[in-house]
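J.: One structure, pasted below without further comment.
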């Protein structure tokens with residue numbers, strides 16, 4: 001099933017979906033596995049697996065450190081591919097996406113990367129430093145393999161850019177609620193609601209709202225406005241404080 | 001000849017691999033830059049500013065003693081070391097400052113490795129009345145206290161970056177993160193001819209003032225073009241500025257000297273094009289990077305912090321591939337020898353970065369004929385790097401002086 005079909009199907013039964021995120025190999029693949037099991041048990045529908053990169057320029061300090069520590073432990077792209085395959089088999093009801101930076105695909109060869117991702121059971125890609133203008137090969141290759149290359153809406157975009165990205169994104173559109181990088185606070189306000197409404201006008205795809213979702217109140221706010229709430233940095237902090245169990249407990253309280 | 005990108009690319013190198021949040025900011029920057037290029041009053045204003053504030057045109061010195069010493073080609077030196085703040089960095093920074101004024105922004109940010117670009121940017125911000133934040137790897141903050149001292153005195157906020165390897169590339173990432181949130185009032189003064197389009201082209205254009213001057217200066221001095229031009233390459237801005245107006249003169253050989261560190265065979269170096277360790281990758285722009293098989297950037301090494309960088313200007317990658325620029329590398333040891341020789345023979349104290357260009361030239365100049373001419377771009381002066389250079393010389397009297405100074409400060413501390 002395609003990413004979009006999966007989201008539509010889940011949305012027919014639920015007011016909003018949850019998408020979580022973790023950095024592969026941080027603090028370790030074994031700990032990732034426990035956290036992922038807790039996420040799945042808490043009913044999370046979509047999970048972003050971030051393949052670590054040495055220069056994660058769109059990420060805030062917490063994710064930057066997680067990337068660096070994973071690489072210090074020796075995480076390789078090949079390990080991430082194998083681990084992803086294992087996860088997709090073990091948790092067949094959950095949809096997994098890769099999030100990483102373009103050099104990881106480029107160095108491996110875009111075609112080989114997409115082939116391995118597809119074989120592993122990955123449904124989509126989020127590549128924050130690959131703008132639409134440079135994404136031709138990735139978009140084409142994704143289409144051929146039934147993968148979705150997800151583009152990003154931001155509050156600095158003008159309507160013509162939103163329309164372009166809204167038309168070329170695949171599966172869903174990842175919406176950023178504010179300026180800045182991951183892991184900073186977002187103001188869940190009427191202005192944000194208006195921003196999401198503007199995003200909605202420029203695509204027929206489901207909308208995922210990320211960057212700064214930190215609790216049940218934020219998720220409640222998003223119901224009826226966005227289709228998917230993304231929880232990223234918050235979970236790394238929670239994991240540091242309370243482990244996989246803490247992550248699971250937090251997520252099961254969100255809806 | 002004009003060095004202009006085609007849709008952001010020079011051959012297969014360059015591009016604009018930026019997060020969507022900065023898309024509009026880059027479009028606005030490209031517009032402001034293109035408008036400045038179309039407007040002849042911009043270049044006139046820029047030259048007038050550099051003439052009244054930064055000792056331009058910088059002179060060319062005939063190195064008579066060195067010429068005699070090597071017994072080969074005549075050696076001329078373009079004195080970018082005489083710029084205000086001590087290096088060619090001032091050219092780029094003051095030019096971008098004029099652009100900031102035209103864009104109506106009120107704050108500038110910059111990355112810095114050794115601190116020269118940070119000091120230059122802080123100087124420009126003070127002169128133009130702009131708020132200023134400088135991102136610097138924690139390791140560099142600790143190594144380069146004198147530059148941090150001056151940046152702070154110039155009114156800049158120096159932010160110590162504790163991510164990653166805590167050096168230049170991490171400072172660049174941190175500056176981009178700042179920009180992703182602050183672009184409405186902030187311009188990022190990128191320090192070299194790297195990064196996403198339009199930075200490589202824009203910085204090269206601002207640095208082209210070096211060869212705009214040197215072509216007519218060399219004509220006046222020698223009535224001809226030089227046979228070879230040598231410049232050091234970190235990101236590549238001083239080399240591109242020194243080469244610019246010679247690119248369409250095929251008889252002028254252009255030689256770029258990279259940091260050979262502890263020797264190319266040790267892999268502890270920052271040579272991207274002078275050896276085969278680097279491969280093509282993408283990190284904001286497409287060029288040769290020192291990276292592993294997964295695309296993770298490696299640690300680099302150079303005695304000169306300003307050359308200690310994983311990537312190289314996409315314009316230089318293109319010119320190298322086109323065989324227009326020849327790349328060689330000089331080791332830390334050769335660089336120290338070259339520096340000593342310039343100090344002793346000509347009474348000029350070069351920066352460690354610029355000493356790479358000297359080392360490259362000194363290796364080859366003796367084999368050239370006496371009627372040939374080489375021009376070395378001396379990108380910066382070294383006296384401001386006295387701590388680093390004294391360490392490199394391992395000077396016992398200096399060490400003793402610092403110990404005594406430390407004891408003096410210790411004595412002043414309240415128990």
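Bear in mind these aren't lab numbers, they're just calculated from the coordinates by the rules spelled out. Model, not experiment: these values are computed from the prediction. Counting neighbours? That spans all protein chains shown, and the Cβs are built from the backbone with ideal geometry, glycine included.
J.: Under a plain spin-label model, where a point goes 7 Å from the Cα along Cα-to-Cβ, how far apart in nm are residue A:5 and residue B:386?
T.: So the label points at residue A:5 and residue B:386 sit 7.4 nm apart.
J.: Per-residue Cβ counts within 10 Å, from other chains only, averaged over B:167-180: what number is that?
T.: Mean partner shielding for this stretch: 4.
J.: Let me ask another. For A:133-139, what's the mean count of beta carbons from other chains sitting within 10 Å of each residue's beta carbon?
T.: 2
J.: Label segment A:3-252 by shape, choosing from rounded, prolate and oblate, from the square roots a ≥ b ≥ c of the eigenvalues of the Cα gyration tensor; if a/c is under 1.5 it is rounded, and otherwise prolate applies when a/b is larger than b/c, oblate when it is not.
T.: rounded
J.: Based on Cα positions only, what radius of gyration and what Dmax would you give for chain B, in angstroms?
T.: When restricted to Cα atoms, chain B yields Rg and Dmax of 20.4, 68 Å.
J.: Compute the relative contact order of chain B as a whole-number percentage, counting only Cα pairs closer than 8 Å that sit 6 or more residues apart in sequence.
T.: 19
J.: What 222 nm value per residue comes from the helices of chain B, counting each DSSP H run with n ≥ 4 as -39,500 (n - 2.57) and dividing by all residues, nearest 500 deg cm²/dmol?
T.: Computed mean residue ellipticity for chain B: -14000 deg cm²/dmol.
J.: Rounded, prolate or oblate for segment A:192-255? Axes are the square roots of the Cα gyration tensor eigenvalues, ordered a ≥ b ≥ c, and the cut-off for rounded is a/c under 1.5.
T.: prolate
J.: Hey, what's the Cα Rg ratio for segment B:310-356 versus the globular rule of thumb, 2.2 N^0.38 Å?
T.: On the way: Rg = 14.0 Å, N = 47, 2.2 N^0.38 = 9.5 Å.
My calculation over the Cα atoms of segment B:310-356 gives 1.47.
J.: Write down the percent of antiparallel bridges among all DSSP beta bridges whose residues are both part of the protein assembly as shown, to the nearest 5.
T.: Antiparallel bridges make up about 20 percent of those DSSP assigns within the protein assembly as shown.
J.: With the crude spin-label approximation of a point 7 Å out along Cα→Cβ, what separation in nm comes out for residue B:55 versus residue A:82?
T.: 5.9
J.: Another question, then. In the P(r) worked out for the protein assembly as shown, what percent of Cα pairs fall beyond 39 Å?
T.: Of all Cα-Cα pairs in the protein assembly as shown, 36 percent lie more than 39 Å apart.
J.: Under 18 Å from the 7 Å Cα→Cβ point of residue A:217, by amide nitrogen: which residues of segment A:185-211?
T.: Answer for segment A:185-211: A:185-193, A:211.
J.: What percent antiparallel are the DSSP beta bridges of segment B:26-176, to the nearest 5?
T.: Just about 20 percent of them are antiparallel.
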